[in-house]
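The values are calculated or read from the model by the stated rules, or taken from the named source; none is laboratory data. Quick caveat: nothing in here was measured; it's all calculated off a predicted structure. Here the Cβ positions follow ideal geometry from the backbone for every residue, glycine too, while neighbour counts run over all protein chains shown. Side chains included, ligands, DNA and RNA excluded: accessible areas come from the protein's heavy atoms. Shrake-Rupley method; radii C 1.70, N 1.55, O 1.52, S 1.80 Å.
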Amino acid sequence: MPVIQVTAPRATESARDLARLTSLCTAVADALGLPPSGVVATLCEAAVTTTGEAPVGAWPLAVLHGSDRGEHAMTSALAAAARSLAEGWGVPPGEVWVSWSVGTAPAHG
């Protein structure tokens with residue numbers, strides 16, 4: 001199950017953030033051939049962003065955590081995530097950053 005960690009500004013109303021994350025999960029799930037419930041997303045608020053010289057507006061960043069699903073599937077999922085983030089946060093596609101982190105889930109025992 002891919003888990004998406006989004007770092008971005010929060011909306012003034014929590015329903016908007018819920019809609020953004022739901023849309024993101026659906027877009028990534030569609031790209032991977034999963035049901036919408038097969039992807040989880042969480043929003044980590046970007047409270048302050050700076051270049052090191054001056055404050056700047058934050059842009060959406062997302063890391064998709066999951067197992068290796070093959071280059072084509074992961075590239076499709078990243079593109080879907082980028083489109084969803086750009087639309088959800090109302091920014092140009094070039095101001096969205098996405099990456100896939102391949103890791104292993106800890107053993108449950």
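Table for the structure above
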quantity: Selected from T50, T26, T42 as most flexible by GNM, with the chain as the system and alpha-carbon contacts under 10 Å; calculated: T50
quantity: The chain - share of DSSP beta bridges that are antiparallel (%, nearest 5); calculated: 35
quantity: Which labelled figure in (i) 129; (ii) 171; (iii) 141 is volume of the Cα convex hull per residue in Å³, once derived from the coordinates; calculated: (i)
quantity: Helix-only [θ]222 nm of the chain, DSSP H runs n ≥ 4, -39500 (n - 2.57) each, per residue, nearest 500; calculated: -12000 deg cm²/dmol
quantity: J(HN,Hα) series, region 79-91, from Karplus relation 6.51 cos²θ - 1.76 cosθ + 1.60, nearest Hz, glycine and proline x; calculated: 5, 5, 5, 4, 4, 5, 5, 4, 5, x, 9, x, 10
quantity: Percentage relative contact order, region 15-109, counting C-alpha pairs under 8 Å, at least six apart; calculated: 31
quantity: Longest DSSP-loop-exposure-free segment, GluC sites (Glu not before Pro), the chain, at most 16 other Cβ within 10 Å; calculated: 54-109
quantity: Euclidean distance between Cα centres, region 85-104 to region 1-73, Å; calculated: 7
quantity: V102 paired with H72, simple spin-label distance in nm, labels 7 Å along Cα-to-beta-carbon; calculated: 1.7
quantity: Solvent-accessible area per residue for the chain (1.4 angstrom probe, square angstrom); calculated: 60
quantity: Accessible area (Å², 1.4 Å probe, nearest 10) - V6; calculated: 0
